[in-house]
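Student: First, the structure itself, so that you have it in front of you.
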Amino acid sequence: MNLTLIARPPFNFLSVVQSHGWIQLAPFRFDENSGSLYYVDRLADGRVVEYRITGSSNGVKVQTPSLNKSERNEVKEKVSWMLGLDQDFSSFYKAVSKEPKLRTAKKFARGRVLRSPTFFEDVVKTILTTNTLWAATKRMNLNLIASFGDPLADSDSKAFPTPDRIAASNDKVLRETVRVGYRAPALYELAVRVASGELNLESYKTSSLPTLDLRKELMKIKGVGPYAAANLLMILGRHDFIPIDSWALKVVSNEWYRGKPVTPKQVEKRFEKWGEYKGLAYWFWDWDLKYS
DNA sequence: GGTAGACCTGGACGC
DNA sequence: GCGTCCAGGTCTACC
């Protein structure tokens, strides 16, 4: 079955797909030869399907197995969210039009970041990026899916686990089997709170809270500090904060401080002028990476 | 508000 | 093969 989804222009499929490392985290998979993004998803009715998403002249095409009407609407809604098809970055392009380091922002339709269908998945993945190397993040994510994900028929692939499946486990399994280390209690508590309905993470997608208040809410989640909260705000389309990690300190140091160590405050100061677009300006800055 | 130290894992390295 | 060091954010205690 083929679905066609229209994006708000300007839109560039590859810019979204390559916007950050999520593309390397299962159940995402990218085939460079065909330029296709694959994602294994567990639909609301429990059926596990794989999408194949490719760019088109004005949006994307989504290839799926045969779906009923309700499933079709669910897939359309999820893919639209994952690729931010309706997001509008015109004011960002206007604000940065004179900045040489961001001059290609509009040309390549930068601004959208690839996101998971559920905010729960993005929060879990973000916690898995904290205080560890990228290879370990990928491994922990794979272990989590292997341990708790529902399988795709006739395939080795699995969907990302639901909160219920993780909540039905315990932090000992998360630590010893999934190998998430000290993050285990945080992940378990998150899954339990979401599964029980105490915490409605999906409501944050449409929250009317000011960004500062939303940030405070995110930082109430165990394992989510300033970096993780800023990363999650970017995913939610709030760009007022910079996800300052060791990479940010390094590239800012190389860009403006001749490789001398810098503090998070110095990073913030460098992007202060971009106001509500600070996160976008940082994320899509044309860094001189030859020193990195 | 700022800072120090603990928290875990796995890769790199030296022996 | 073993031991040690290191990178990576968050949390807590303390000042």
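Computed from the coordinates by the stated procedures, all read-outs in this text should not be read as laboratory data. Just so it is clear, the structure is predicted and the values come from calculations on it, not from any experiment. Please note: Cβ atoms are built from the backbone with ideal geometry, for glycine as well, and neighbour counts cover all protein chains shown.
Student: Mind listing the long-range amide H neighbours of A:Gly59? Cut-off is under 5 Å, sequence gap 5 or more, other chains count too, H placed in the peptide plane at 1.01 Å from N.
Tutor: Placed amide hydrogens put A:Ala7 under 5 Å from A:Gly59.
Student: Taking N as the number of residues in segment A:119-235, what value does Rg over Cα atoms divided by 2.2 N^0.38 Å take?
Tutor: Cα Rg divided by the expected 2.2 N^0.38 Å: 1.05.
Student: FRET efficiency for A:Lys107 and A:Lys172, Cβ-Cβ distance as r, R0 = 45 Å, nearest 0.05?
Tutor: Efficiency at R0 = 45 Å is approximately 0.30.
Student: Now for a different question. Per residue of segment A:131-140, what does 6.51 cos²θ - 1.76 cosθ + 1.60 with θ = phi - 60° give for ³J(HN,Hα)? Whole Hz please, x for Gly and Pro, Karplus curve as stated.
Tutor: Values, residue by residue: 6, 7, 8, 4, 4, 6, 4, 4, 5, 4 Hz.
Student: Right, here's the next one. How large is ³J(HN,Hα) for each residue in segment A:261-272, as worked out from phi by the Karplus curve 6.51 cos²θ - 1.76 cosθ + 1.60 (θ = phi - 60°), to whole Hz, x for Gly and Pro?
Tutor: x, 10, 9, x, 4, 5, 5, 4, 4, 5, 10, 3
Student: Still on this structure, please answer the following. Around A:Phe160, which amide H atoms from residues at least 5 apart in sequence, or from another chain, sit under 5 Å from its own amide H, with H modelled in the peptide plane?
Tutor: A:Arg42
Student: How large, in Å, is segment A:1-112 by the Kirkwood hydrodynamic radius built from its alpha-carbon pairs?
Tutor: Answer for segment A:1-112: a Kirkwood hydrodynamic radius of 15.0 Å.
Student: Compute the Rg/Rh shape ratio of chain A: radius of gyration over Kirkwood radius, all on alpha-carbon atoms.
Tutor: Values: Rg = 19.1 Å, Rh = 20.0 Å.
Computed over Cα atoms, the ratio is 0.96.
Student: Right, next: Give a residue-ordered list of calculated ³J(HN,Hα) values for segment A:81-92 (Karplus: 6.51 cos²θ - 1.76 cosθ + 1.60, θ = phi - 60°; whole Hz; x for Gly, Pro).
Tutor: Once rounded to whole Hz, the list reads 5, 4, 9, x, 4, 9, 6, 10, 10, 4, 6, 5.
Student: Also, I was wondering about something else. Any idea what the relative contact order of chain A is, in percent, if you count C-alpha pairs under 8 Å spaced at least 6 apart?
Tutor: The value is 16 percent.
Student: Just the Cα atoms of segment A:11-55, one point each, no solvent: what log10 I(q)/I(0) does Debye give at q = 0.31 Å⁻¹?
Tutor: Here log10 of I(q) over I(0) equals -1.15.
Student: If you don't mind, there's one more thing I want to ask. Among DSSP bridges having both ends in chain A, what percentage is antiparallel? Round to the nearest 5.
Tutor: For chain A, the DSSP antiparallel bridge percentage is about 95.
Student: Still on this structure, please answer the following. Any number yet on Rg/Rh for segment A:83-126, C-alpha, Kirkwood? Don't jump to the answer; show the numbers that get you there.
Tutor: Details: Rg = 13.3 Å, Rh = 12.0 Å.
Result for segment A:83-126 is an Rg/Rh of 1.11.
Student: Counting only C-alpha contacts under 8 Å and six or more residues apart, can you give the relative contact order of segment A:41-84 as a whole percent?
Tutor: Over segment A:41-84, the number comes to 27 percent.
Student: What residues qualify as long-range amide H neighbours of A:Tyr38, i.e. H under 5 Å apart, gap of 5 or more or another chain, H built at 1.01 Å from N?
Tutor: Residues meeting the amide H criterion: A:Arg29, A:Phe30, A:Asp31, A:Ile53.
Student: I've got another one for you. Neighbour counts of other C-beta atoms within 10 Å: give me A:His239, A:His20 arranged from fewest to most.
Tutor: Details: A:His239 24, A:His20 18.
Final ranking by Cβ density, sparse to dense: A:His20, A:His239.
Student: Let me have the 222 nm mean residue ellipticity of chain A computed from DSSP H runs of 4+ only, each contributing -39500 (n - 2.57), with the sum over all residues rounded to the nearest 500.
Tutor: The per-residue figure over chain A is -11500 deg cm²/dmol.
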